[in-house]
Amino acid sequence: MSSEAAGSAPLDPKIVHSQAVYTRGKLSIYDKWVLGVFCPVVWRCPPGEMRRLYDDNAGARHLDVGPGTGYFVDRCRFPTDNPDITLLDLSTECLEMSARVLSRYRPKVCQANLMEPLPLPAGQFDSVGMNLVFHTIPGGWDGKGIIFKHVAETMRPGGVLFGTSVLAEGVPMNGLTRKMLLEQHRRGNFQNQGDDPEGLKRQLATYFPSYQVRIRGAVAIFTATAG
């Protein structure tokens, strides 16, 4: 496993708080609770939808942003037996756990703040996965949309970005979904106040020549192709 250091720009305290959730202990139960309960029951988007995103779009040179425990990359059907994988996160704990799970691929790791230009070579990746990432980042789509620019710069022409994010506006919600969303806001785990499908589409259109967004429950599922 090799690594690349993050920049030293000051971090938004809200980002620091949301990342502090990912302790080693909480990561040990993350898949059971987030993927096994919250995604299918609360957000109403089963993890099978996310797994299909990986199987359909992951390329031979793949960047995974916010890999969590490495669950989806671990199960992905890559187009090659030896994909070149880079894992990117602000959380040391997430990087350590996902790199350990994916050790058979000898992944590179990069600790970085998505709001800053990424310390990665330009035009390198065939695919970038961003699963369940954006709802943890503050700033609204007009603020955090710059992340799409930073990610697009690392992709080769024709490369595919794919991911999901829980939305707070413009999606159907039942009582449980709304109650749990407000609780995540109260705890500071989610920073997606005002996030809606149209804002996501607007930002994707700014940085990618083609994109698609569909809604499953309270979750946006998106893909975009780099120019």
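The values are calculated or read from the model by the stated rules, or taken from the named source; none is laboratory data. These figures come from a predicted structure and were not determined experimentally. Neighbour counts run over all protein chains shown; Cβ positions are idealised from the backbone, glycine included.
What the table shows:
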| item | result |
| --- | --- |
| Scope the range 185-208; condition touching a residue at least 60 places away in the same chain (Cβ under 8 Å) and within 17 Å of Met173 (Cα to Cα); matching residues | Phe190, Asp195 |
| Unique residue being at pLDDT below 95 and over 17 Å from the mean Cα position of the chain (by Cα) when the list is Gly123, Gly175, Gly188 | Gly188 |
| Search result, residues across the range 72-92 that are outside any loop (DSSP other than H, G, I, E, B) and buried (at least 18 other Cβ atoms within 10 Å of the Cβ) | Phe72, Val73, Asp84, Ile85, Thr86, Leu87, Leu88, Asp89 |
| Identity of the residue in the range 141-166, in contact with a strand residue (DSSP E or B) (Cβ under 7 Å, 6 or more places away or on another chain) and surrounded by fewer than 19 Cβ atoms within 10 Å (Cβ to Cβ), that ends up nearest to Val219 (Cα to Cα) | Gly158 |
| Selection count, the range 93-107, where residues are surrounded by fewer than 19 Cβ atoms within 10 Å (Cβ to Cβ) and within 16 Å of Leu27 (Cα to Cα) | 4 |
| Selection within the range 119-140 - surrounded by fewer than 21 Cβ atoms within 10 Å (Cβ to Cβ) and over 22 Å from Val109 (Cβ atoms) | Pro138, Gly139, Gly140 |
| Residue list for the range 179-212, restricted to those being among the hydrophobic types (A, V, I, L, M, F, W, C), crowded, with 16+ Cβ neighbours inside 10 Å and within 19 Å of Cys45 (Cα to Cα) | Met180, Leu181, Phe190, Leu200 |
| Failed condition for Thr69, given (1) of a type in the set (Ser, Thr, Tyr); (2) part of a strand (DSSP E or B); (3) in contact with a Phe, Trp or Tyr (Cβ under 6 Å, 6 or more places away or on another chain) | (2) |
| Leu132 over 18 Å from Ala226 (Cβ atoms), in contact with a Pro (Cβ under 6 Å, 6 or more places away or on another chain) and of a type in the set (A, V, I, L, M) | no |
| Per-region count, the range 28-61, residues closer than 21 Å to Arg77 by Cβ and either under 18 Å from the mean Cα position of the chain (by Cα) or modelled with pLDDT under 95 (or both) | 19 |
| Unmet criterion (only one of (1) in a loop (DSSP other than H, G, I, E, B); (2) under 20 Å from Pro157 (Cβ atoms)) for Leu63 | (1) |
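Okay, residues lined up against (1) closer than 15 Å to Val133 by Cα; (2) hydrophobic (A, V, I, L, M, F, W, C):
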position: Lys144; (1), (2): yes, no
position: Ser165; (1), (2): yes, no
position: Val171; (1), (2): no, yes
position: Leu182; (1), (2): no, yes
position: Gly194; (1), (2): no, no
position: Val213; (1), (2): no, yes
position: Phe222; (1), (2): yes, yes
